[in-house]
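The values are calculated or read from the model by the stated rules, or taken from the named source; none is laboratory data. Bear in mind that the values here come from a model prediction, so they are computed numbers and not experimental data. Neighbour counts are summed over all protein chains in view; Cβ atoms, including those assigned to glycine, are modelled from backbone coordinates with ideal geometry.
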Number of protein chains: 2
Amino acid sequence: MAVYTHLSAEDLSDLIGQYDVGELVSAKGIAEGVSNSNWLIETAGGEAGSRFILTMYERHIDLADLPFFLDLLDHLAARGCPVPRTIHDRSGAASRKIGGKTVALIEFLPGLSVDAPTPAQARSAGEALAGMHLASRDYGGRRANTLGPAGVAALFDSCEGRLGEIDPALPALVADHMPKLAGNWPDTLPQGIAHTDLFPDNVLVEGDRVNAMIDFYFACHETLAYDLATTHLAWSFERGTGQFRPDVGRALVEGYETVRPLSDEERAALPFLAKAAALRFIATRSYDWLFTPADALVTRKDPMEFVQRLLFYDEAGPKAFA
Amino acid sequence: MAVYTHLSAEDLSDLIGQYDVGELVSAKGIAEGVSNSNWLIETAGGEAGSRFILTMYERHIDLADLPFFLDLLDHLAARGCPVPRTIHDRSGAASRKIGGKTVALIEFLPGLSVDAPTPAQARSAGEALAGMHLASRDYGGRRANTLGPAGVAALFDSCEGRLGEIDPALPALVADHMPKLAGNWPDTLPQGIAHTDLFPDNVLVEGDRVNAMIDFYFACHETLAYDLATTHLAWSFERGTGQFRPDVGRALVEGYETVRPLSDEERAALPFLAKAAALRFIATRSYDWLFTPADALVTRKDPMEFVQRLLFYDEAGPKAFA
């Protein structure tokens, strides 16, 4: 959580001058995102609103995918989804270069990221997620999920047998669960554009209502029920204790189904898909845990938190979604 | 530059509810300040404006000094100085506790911190600094400068003979210049409330005009001409190259004198005071360089940058202010 690159006020003013948004009057580097630098930008005298998030893509993101992410925001916003629009520059471009790095200007939407979502907030998030799944059906962009079963397996391989350094129980657990994932993916379920990372920090709420879904940089073509299972995994456990919150999980799925009802096959697949999602976060967090330099400006997240959730879904089965 | 403490949206909403500023609708951790956590806060439905900076005092600051800093902002703002007001809670308190830590809510003022100030901006900064010196004459609070000559000497002592690890030339340079500082302070010059850290990053400009002076956490009772000399040291050298910018320095002093003309004694003391200020920053940066853990979330600043400036003032003498 940091700003990795210094941009002077002069650089920022020149950059903002390339957009039809008025003059730059304030720019604060914000402590959000682990792989990008972000500034909260304020302008005066423009037509397109006065506050924006400027994102500089530092690493992790394949820039070839950027048009997929940025155009998706426009596509969804135009269809009434609560997502920020991409602001285009005077030449119509969705991204620009500054000092050799790529930046994009995104609409600022107010709202708070809650740590302990209420059932009402989870219901609104489920509705927003389903609305996004429907609204993206005619989106032309394509991006494969690089963190599907094969990507997750490759990440565990990259950990080079060092998972035991994180926790002595982790190697056996991964050896037990990964083979169940491989080859068993429910390929016949409906696919579409999935967010795949809709944690409460990527949702801004105003009271009970979702005002924005943000950070679409893992969005991809994927099984839609997997996106719901991922969101269930991300929302339904108490921060700190890890305790399952059935009321929150239930409200999320109910909210989702008011907009896009699940088929029986999708519902039956949810426990499998939630475990697949847990393995995805165990894999990325394990890799980051082992290979993030100690002096990096980011806080390492504990992979074992998701081991606990994986074991919960494994034991509860369909009851986790009842 | 980081947010050191996690405050949940729930914590923040409760906290903001203690002030008469409306409901919290957005909170972004901002990457500013090296010793405090800061959030840019937005509210709706309040009377006292809608944007604020929430500061959590993490370390470095003696909390006994906090009323001095916070009341000073109110004192100066009430006299038309461009500084943010302190927002008081419903009980009238200027600071509160949350999770054992002290926080204060400060007015947000727009503006940009420039890297390469123009002469016009330096002139406006000089005017604002002098205006602050005049407006604080009837301020009742008192705080001694902990980074005067004795404090600077103590900091160099704390470096335990390790200055040579920073640069082989540094020990001899400090041994040469520190004795000239001790005992030669011009005690007869006018004193008052000084900012003592008015670098361009602590000034927010809109075009040529200073819209805010911020970060008063080094403010103290001090020789006023020392504050001007410190600001000259902070503004008149090009970032990167360290090249002296006489036009900027001259505009700063001229702007200052349009509001508060210097006496001949004050003018004559400026080179000495600028060297004293350079030693102060060499001392704090050296200490931080040697004792900041490598994994700290802050970027260490090079002390040698101020050695270069010290040598410049030593050689140029009064010509630096001509």
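Structure data summary
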| item | result |
| --- | --- |
| Matching residues in the stretch A:213-232 - criterion: being aliphatic (A, V, I, L, M) and in contact with a Phe, Trp or Tyr (Cβ under 9 Å, 6 or more places away or on another chain) | A:Ala219, A:Leu228, A:Ala229 |
| Subset tally (residues that are of a type in the set (A, V, I, L, M), part of a strand (DSSP E or B) and within 14 Å of another protein chain (Cβ to nearest Cβ)) for the stretch B:97-113 | 2 |
| Where A:Val307 falls short, out of the listed (1) surrounded by 15 or more Cβ atoms within 10 Å (Cβ to Cβ); (2) farther than 18 Å from A:Asp167 by Cα | (2) |
| The stretch B:61-100: number of residues that are within 22 Å of B:Asp20 (Cα to Cα), touching a helix residue (DSSP H, G or I) at 6+ places or on another chain (Cβ under 8 Å) and exposed (fewer than 15 other Cβ atoms within 10 Å of the Cβ) | 1 |
| Looking only at the stretch A:60-81, and only at residues there that are among the charged types (D, E, K, R) and not in a helix (DSSP H, G or I), the one that is nearest to A:Asp288 (Cα to Cα) | A:Asp62 |
| Residues of the stretch B:33-47 satisfying the condition of being crowded, with 17+ Cβ neighbours inside 10 Å and either within 7 Å of chain A (Cβ to nearest Cβ) or part of a strand (DSSP E or B) (or both) | B:Asn36, B:Ser37, B:Asn38, B:Trp39, B:Leu40, B:Ile41, B:Glu42, B:Thr43 |
| Some residue of the stretch A:14-27 being within 20 Å of the chain's Cα centre (by Cα) and crowded, with 20+ Cβ neighbours inside 10 Å | no |
| Residues that are closer than 16 Å to B:Ala154 by Cβ and not aromatic (Phe, Trp, Tyr), drawn from the stretch B:178-187 | B:Met178, B:Pro179, B:Leu181, B:Ala182, B:Gly183 |
| Unmet criterion (only one of (1) within 16 Å of the chain's Cα centre (by Cα); (2) modelled with pLDDT of 95 or more; (3) hydrophobic (A, V, I, L, M, F, W, C)) for A:Val174 | (1) |
| Top-ranked residue of the stretch A:9-31 - restricted to ones that are within 11 Å of chain B (Cβ to nearest Cβ) and out of contact with any Leu (no Cβ under 9 Å at 6 or more places or on another chain), ranked as nearest to B:Arg209 (Cα to Cα) | A:Glu23 |
| Test: residue in the stretch A:114-122 that is of a type in the set (A, V, I, L, M, F, W, C), assigned to a helix (DSSP H, G or I) and under 23 Å from A:Pro200 (Cβ atoms) | yes |
| Test result for B:Gly255, in a loop (DSSP other than H, G, I, E, B) and either among the small types (Gly, Ala, Ser) or out of contact with any strand residue (DSSP E or B) (no Cβ under 7 Å at 6 or more places or on another chain) (or both) | no |
| Hits in the stretch A:82-96 (condition: under 18 Å from A:Leu109 (Cα atoms), without any contact (Cβ under 8 Å) to a residue 24 or more places away in the chain and either in contact with a Lys or Arg (Cβ under 6 Å, 6 or more places away or on another chain) or part of a loop (DSSP other than H, G, I, E, B) (or both)) | A:Arg85 |
| Among the candidates A:Ala94, A:Ala116, A:Ala77, A:Ala130, residue that is more than 14 Å from every other protein chain (Cβ to nearest Cβ) and under 27 Å from A:Ala283 (Cα atoms) | A:Ala130 |
| Wholly within the stretch A:139-243, helices (runs of 4 or more DSSP H) carrying at least 1 residues that are surrounded by fewer than 21 Cβ atoms within 10 Å (Cβ to Cβ) | A:149-158, A:170-181 |
| Which listed residue is in the same structural domain as B:Ala219 (by TED's automatic domain parsing) and either aromatic (Phe, Trp, Tyr) or more than 15 Å from B:Phe216 (Cβ to Cβ) (or both), from B:Arg143, B:Arg162 | B:Arg162 |
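Residues are listed down the side, and each one gets a yes or a no for (1) basic (Lys, Arg); (2) assigned by TED's automatic domain parsing to the domain that holds A:Leu204; (3) in contact with a His (Cβ under 6 Å, 6 or more places away or on another chain); (4) within 21 Å of B:Ser26 (Cβ to Cβ):
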| residue | (1), (2), (3), (4) |
| --- | --- |
| A:Lys28 | yes, no, no, yes |
| A:Ser35 | no, no, yes, no |
| A:Asn38 | no, no, no, yes |
| A:Ser50 | no, no, no, yes |
| A:Thr55 | no, no, no, yes |
| A:Arg79 | yes, no, no, no |
| A:Ile98 | no, no, no, no |
| A:Leu112 | no, no, no, yes |
